[in-house]
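Q: Below is one structure. I have some questions about it.
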Amino acid sequence: MKKGVFLVLFFSILMSCSSSKKVVKTTSKPASKADKIVANALKYKGVRYKFGGTTQRGMDCSGVVYVAFGEENVQLPRISRDMAKSGKKIPLEKAKKGDLLFFKTSKTRRRINHVGLIVSVNKGSIRFIHSTTSRGVIISSLSEKYWKKAFVKAMAIL
């Protein structure tokens, strides 16, 4: 009798310590090229501004875009006004994550001199990553008065 109770107790302890493997299926799809490019750019958030910069030590607006696309083997011109000639012009309403926004921010020069990479579009609200001389690599909203006024066009690269 003692032996039987011992065996029952032993096996119940043994069974309670066993592990079970749970198979968890995820429904997430693989990251798109646009997702990867945006993730590349986001690695530089907070990096200080440096004219002509393309490293963690400093970046300008086109440097962020150039490096983010380059890390996914998508070659773009190095400067914003030349980037603005790449890809396909799209209406702002069709802009999506991974597309580029171009701006004229200079009062003296009447040409494109700034670029941003769209990181999200939510209910028409467009957020983009870029580098500013005052704050370095940041995320801004196209609905901000300054950027809305300076906006020139959107381009699809992918």
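Where a number appears in this text, it was derived from the coordinates with a stated rule and is not lab data. For clarity, every value in this text was computed on a predicted model and none was experimentally measured. So basically every Cβ, Gly included, is an ideal-geometry build from the backbone, and we count neighbours across all protein chains shown.
Q: At most 12 other Cβ atoms within 10 Å and a DSSP loop assignment: could you name the chymotrypsin sites (Phe, Trp or Tyr not before Pro) in segment 46-136 that fit?
A: When the chymotrypsin sites (Phe, Trp or Tyr not before Pro) of segment 46-136 are filtered for loop state and at most 12 Cβ neighbours within 10 Å, 51 remain.
Q: Fewest Cβ neighbours within 10 Å first, please rank 83, 155 accordingly.
A: In order of increasing Cβ crowding within 10 Å: 155, 83.
Q: For residue 158 and residue 78, FRET efficiency with R0 = 25 Å and r from the beta-carbon atoms, rounded to 0.05?
A: Given R0 = 25 Å and the Cβ-Cβ separation, E is 0.85.
Q: Now for a different question. Sorted from fewest to most neighbouring beta carbons within 10 Å, what does the list 67, 137 look like?
A: So the ranking, lowest neighbour count to highest, is 67, 137.
Q: Which GluC sites (Glu not before Pro) in segment 55-158 pass both tests, a DSSP loop state and at most 16 other beta-carbon atoms within 10 Å?
A: Here the sparse-neighbourhood loop sites are 71, 72, 144.
Q: Which is farthest toward the positive dipole end of segment 30-156 among 118, 31, 91, measuring Cα position about the Cα centre, with Cβ charges +1 (Lys, Arg) and -1 (Asp, Glu)?
A: 91
Q: Let me ask something else about it. Sum up the charges of everything whose Cβ sits under 14 Å from the Cβ of residue 120, counting Lys and Arg as +1 and Asp and Glu as -1, but leave residue 120 out.
A: +3
Q: Quick one: grab the alpha carbon gyration tensor of segment 30-156, order the square roots of its eigenvalues as a ≥ b ≥ c, and give me rounded if a/c is under 1.5, else prolate or oblate depending on whether a/b is larger than b/c.
A: Rounded is the answer for segment 30-156, as its axis ratio a/c remains below 1.5.
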